[in-house]
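Heads up: the structure comes next, in structure tokens.
Read-outs: derived from the displayed coordinates by stated rules, not from any lab. Everything quoted here is computed from the prediction, not taken from an experiment. For neighbour counting, all protein chains shown are included, and Cβ atoms are generated from backbone atoms with ideal geometry for every residue, glycine included.
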Amino acid sequence: MDAIINAFVMGAAAWALFLLMRWPSPAWAWRAGLLFAGYLALDDLATALTQWLPAANLLPGGWNWEGKIASLGLALLVIAAFDLDRNAIGWQGVQRNTRSTWVAVVLLVGLSTSLGFVFQPGAPDAETVAFQLLMPGLVEELVYRGIAPALLLGAVLKRGVAQGIPWRAVVVTGLLFGLWHGLSVKGGLPSFDWMPAVLPLVGGFAYGWLRFHSGSLLPVVIAHAGGNLAFHLHALFPAG
């Protein structure tokens with residue numbers, strides 16, 4: 001039940017932000033907003049798979065492999081069902097601003113490395129390295145910087161690829177990315193923790209900008225996965 005409530009809150013927040021940001025011209029289509037909110041609610045439910053379906057907890061280890069795989073499966077299903085092309089979701093190589101794109105990737109990974117020395121999460125085991133390298137960067141960026149903004153911007157309605165930086169979409173998906181990390185439901189009661197939400201919120205804005213600055217998800221996935229890995233690998237370097 002908690003997972004369902006959590007998903008409902010995510011969907012409601014996505015719908016509320018859609019309504020809040022819809023009024024500037026040109027207005028976003030209602031159908032796009034409904035698909036956007038519904039998709040993020042379902043993604044939240046998919047990611048929490050083992051919470052509401054304990055039988056799905058099949059893989060050993062301490063990380064949420066099953067939930068991420070379910071989220072990836074949902075993403076691929078949505079891409080196929082709505083015929084989202086690679087331009088709409090950024091599933092292609094860097095299209096523009098190549099030099100500044102890779103400079104931004106290096107800076108974002110460097111920032112994550114610095115944060116690792118600040119927060120000191122401890123030395124990672126092999127599973128942590130594998131999970132951080134393979135799962136969050138790919139799956140979360142496909143969801144929040146690929147499919148979600150594509151739905152919001154009307155890709156299903158075949159409105160074409162956004163030109164320039166669609167800042168409203170970047171802000172909305174960044175806010176929801178932070179909410180998704182900070183939101184939790186226990187005993188049917190939603191709560192929000194600012195600490196795990198702040199960095200994803202800031203990162204969400206940066207990744208959203210990078211996605212449209214480059215025209216590609218590739219550098220965003222690399223920045224996210226590389227940053228997560230660097231954050232955990234700080235323990236391998238002796239303190240000065």
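Full extension of the segment from LYS186 to ALA80, taken as 0.36 nm per residue of separation minus the current Cα-Cα distance, would add 34.7 nm. Ranked by how many other Cβ atoms sit within 10 Å of their own Cβ, fewest first, the residues ARG168, ARG99, ARG145, ARG86 fall in the order ARG99, ARG86, ARG168, ARG145.
Counted residue by residue at 0.36 nm each, then reduced by the alpha carbon distance between them, the extension gain from LEU34 to LEU58 reaches 5.4 nm.
Using helices alone, what [θ] at 222 nm do you get for the chain, with -39,500 (n - 2.57) per DSSP H run of 4 or more residues, divided over all residues and rounded to the nearest 500?
Numbers: 12 runs with 159 residues, N = 240.
Calculated from helices alone, the mean residue ellipticity at 222 nm is -21000 deg cm²/dmol.
Taking the square roots of 5 times each eigenvalue of the Cα gyration tensor of segment 160-225, largest first, gives ellipsoid semi-axes of 27, 13, 9 Å. Each of SER100 and SER114 was given a label point 7 Å from its Cα along the Cα-to-Cβ line. The distance between the two points is 2.0 nm. Largest GNM mean-square fluctuation across SER191, SER71, SER112, computed for the chain with C-alpha springs under 10 Å, falls on SER191.
Counting Cα-Cα pairs of segment 2-236 in 10 Å increments starting at 0 gives whole-percent bin shares of 8, 32, 38, 19, 3, 0.
With θ taken as phi - 60° and the Karplus curve 6.51 cos²θ - 1.76 cosθ + 1.60 applied, the whole-hertz 3J(HN,Hα) list for segment 198-207 is 5, 5, x, 4, 5, x, x, 5, 5, 5 Hz, x standing for glycine and proline. Considering only LEU49, LEU107, LEU152, the Gaussian network model of the chain with Cα springs below 10 Å gives its largest mean-square fluctuation to LEU107.
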